[in-house]
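Participant: Shown below is the structure under consideration.
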Amino acid sequence: MHPLVSRLRGTLLPAVVTPMSADGVVAYDDLAAYATSLVTPAVGGVAVWAHTGRGLYLSAADRAKVLETWRQATDVPIVAGVGVPKSPDGSPAGSAAGLREVVDATVEMAVAAAAGGADAVMVYPLAVLNELPDGHAQAIALHERVAAESGLPLVGFYLHGEAGGYPYSPELIRDLLDLDAMLGVKTATLDRAIGCQDAIWAGRGTGKLLITGEDRMYGPSFMWGADTALVGIASAQVELSAAVLRAWTAGDHTEFLTASDRLDRFAAATFYAPIEGYVQRMLWAAAWEGLIPAASAHDPYGPELPASERDLVIRCLEELR
């Protein structure tokens, strides 16, 4: 078993935001300050290039600089998301050319993560596999190639379809966890309780990490068996997420219920339709907390949101305070 399994089990890994201007320019000085402030003793690692940080949309140069900034700021394990937001040439799902390109791009990104000092990579599911009759086998082959060429251990990623994901069956999760390079599988099913339960239960008894990415089912996912958290909702207000995990691990069920209620109230103000708006809402939360300045709290890749949604986030945070 890879030593990162024992190091990360029971810890919280925020999927961090990337401070940017309204036109998408990364604010590196603000990113460095954010990284220094976010990593407290409650944080066991961080996930960069994830959906929350818009990692698949950044240029290769920006991704490298983002990883470098985090690597200089902390010695906790860094997990880098690798994949593509869509087929680079716009090939239709299921085409052989589209599959080759997205796999090559994913592997290239993983190799770059290794060169930049990442400790592991989280492999985005490829939406192109949805239309392939051998999607299961192709998913296994993808993870094997990423591990072989990057030399890094892997986190699997069961991501909901609204974010371009590919549904991981329990059989696929078990086959992935059989790979020596695999640390565990993260579930981010959004609101699919049955899919989340089945995915977590599929990993029981493997010794690998059962990682929750369920921002709206955070507390329940621990009750279903998750033992580690990698979540975008921890990109601000870290203690809200950390308190739930800490109470569950300690067996303090009264405190677990209290902490879960607080976290759920924050999740309800940040993770709702349009779900892609959650990145902007988390940036607003980070700015309110003082983690980043308002001038860098922009998500140019998500939907435009009304001011009333920002007011909802702020009102929730003030009530929780």
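The values are calculated or read from the model by the stated rules, or taken from the named source; none is laboratory data. What you see is a predicted model; the values in this text were computed from it and never measured. Note: ideal-geometry Cβ built from the backbone for every residue, glycine included; neighbour counts use all protein chains shown. Accessible surface areas use protein heavy atoms only, side chains included; no ligands, DNA or RNA. Shrake-Rupley method; radii C 1.70, N 1.55, O 1.52, S 1.80 Å.
Participant: Starting at the first residue of the range 280-285, write each ³J(HN,Hα) from the Karplus equation 6.51 cos²θ - 1.76 cosθ + 1.60 with θ = phi - 60°, in whole Hz, x for Gly and Pro.
Facilitator: 4, 5, 5, 5, 4, 5
Participant: Suppose we keep just the DSSP beta bridges with both residues in the chain; what percent of those would be antiparallel, to 5?
Facilitator: Numbers: 1 of 27 bridges.
Rounded to the nearest five, the antiparallel share is 5 percent.
Participant: Karplus couplings for the range 173-181 from phi (6.51 cos²θ - 1.76 cosθ + 1.60, θ = phi - 60°), rounded to Hz, Gly and Pro as x?
Facilitator: In residue order, the calculated couplings are 4, 5, 5, 5, 5, 6, 6, 4, 6 Hz.
Participant: For the chain, what relative contact order do you get, as a whole percent, if you take Cα pairs closer than 8 Å and at least 6 residues apart? Spell out each step's value before the answer.
Facilitator: Details: 614 pairs, mean separation 62.7, N = 321.
RCO, the chain: 20 percent.
Participant: Run the helix sum for the chain: -39,500 (n - 2.57) per DSSP H stretch of 4+ residues, divided by residue count, reported at 222 nm to the nearest 500 deg cm²/dmol. Could the numbers behind the result be given before it?
Facilitator: Working: 12 runs with 148 residues, N = 321.
Result for the chain: -14500 deg cm²/dmol, rounded to the nearest 500.
Participant: What FRET efficiency would be calculated for the residue pair ALA307, GLU131, taking the C-beta separation as r and a Förster radius of 51 Å, to the nearest 0.05? Please list the in-between numbers first.
Facilitator: Numbers: r = 40 Å, r/R0 = 0.78.
So, using R0 = 51 Å, E works out to roughly 0.80.
Participant: To the nearest 20 debye, what charge dipole does the chain have about its Cα centre, counting +1 at the Cβ of each Lys and Arg and -1 at the Cβ of each Asp and Glu?
Facilitator: Working: 22 positive and 38 negative charges, 90 e Å.
Around 440 debye, computed over the chain.
Participant: Given (1) 0.92; (2) 1.04; (3) 0.99 as candidate values of Cα Rg over 2.2 N^0.38 Å, which corresponds to the one derived from the coordinates?
Facilitator: Of the listed options (1) 0.92; (2) 1.04; (3) 0.99, (1) comes from this structure.
Participant: Let me ask another. Going by amide H atoms built from the backbone, whose H comes under 5 Å of the H on GLY81, apart from near neighbours?
Facilitator: VAL48, TRP49, ALA50, MET122
Participant: Dipole of the range 186-297, Cα-centred, from +1 at each Lys and Arg C-beta and -1 at each Asp and Glu C-beta, to the nearest 20 debye?
Facilitator: Values: 9 positive and 12 negative charges, 41 e Å.
That gives a dipole near 200 debye.
Participant: Top mean-square fluctuation among THR254, THR11, THR106, Gaussian network model of the chain, C-alpha springs under 10 Å?
Facilitator: It is THR254.
Participant: Where the accessible area of the chain is counted over protein heavy atoms with a 1.4 Å probe, how much of it, in %, is carbon and sulfur? Display every interim value, and only then the final one.
Facilitator: Working: 6630 of 12550 Å².
The nonpolar share, carbon plus sulfur, comes to 53 percent.
Participant: Using the basic label-point model (7 angstrom from Cα toward the beta carbon), what is the ASP180 to ARG315 distance in nanometres?
Facilitator: 5.6
Participant: Moving to a separate point now. With every protein chain present, what is the per residue accessible area of the range 232-321 (1.4 Å probe, Å²)? Provide the component values of the computation, followed by the final result.
Facilitator: Values: 4000 Å² over 90 residues.
Heavy-atom SASA per residue in the range 232-321 reads 44 Å².
Participant: Once phi is turned into ³J(HN,Hα) by the Karplus curve 6.51 cos²θ - 1.76 cosθ + 1.60 with θ = phi - 60°, what whole-Hz value does each residue of the range 232-244 show in order, with x for glycine and proline?
Facilitator: Coupling constants for the range 232-244: x, 5, 8, 6, 8, 6, 3, 5, 4, 6, 5, 5, 5 Hz.
Participant: At a threshold of 8 angstrom on Cα-Cα distance, excluding pairs fewer than six apart, so keeping six or more, what relative contact order does the range 198-302 reach in percent?
Facilitator: This gives 21 percent for the range 198-302.
Participant: Rounded if a/c is under 1.5, else prolate if a/b is larger than b/c, else oblate: which is the range 213-321, with a ≥ b ≥ c the root eigenvalues of its Cα gyration tensor?
Facilitator: Prolate, since a/c reaches 1.5 and a/b exceeds b/c.
Participant: Moving to a separate point now. Between HIS253, SER235, TYR34, whose Cα lies farthest towards the positive end of the dipole of the chain when Lys and Arg beta carbons carry +1 and Asp and Glu beta carbons carry -1, centred on the Cα centre?
Facilitator: Ranked along the dipole, the leading option is HIS253.
Participant: When ligands, DNA and RNA are left out and all protein chains stay put, how many square angstrom of accessible area per residue does the range 11-157 have with a 1.4 Å probe?
Facilitator: Working: 5320 Å² over 147 residues.
In whole numbers, the range 11-157 has 36 Å² accessible per residue.
Participant: Using +1 on the beta carbon of Lys and Arg, -1 on that of Asp and Glu, and nothing else charged, what's the dipole of the range 124-205 about the Cα centre, debye to 20?
Facilitator: Numbers: 5 positive and 11 negative charges, 48 e Å.
Charge dipole, the range 124-205, about its Cα centre: 240 debye, nearest 20.
Participant: Determine the gain in length on full extension of the stretch GLU144-THR36; use 0.36 nm per residue of separation and subtract their C-alpha separation, reporting nm with one decimal. Before the final figure, lay out each step's value.
Facilitator: Values: separation 108, 0.36 × 108 = 38.88 nm, distance 3.39 nm.
Gain in length upon complete extension: 35.5 nm.
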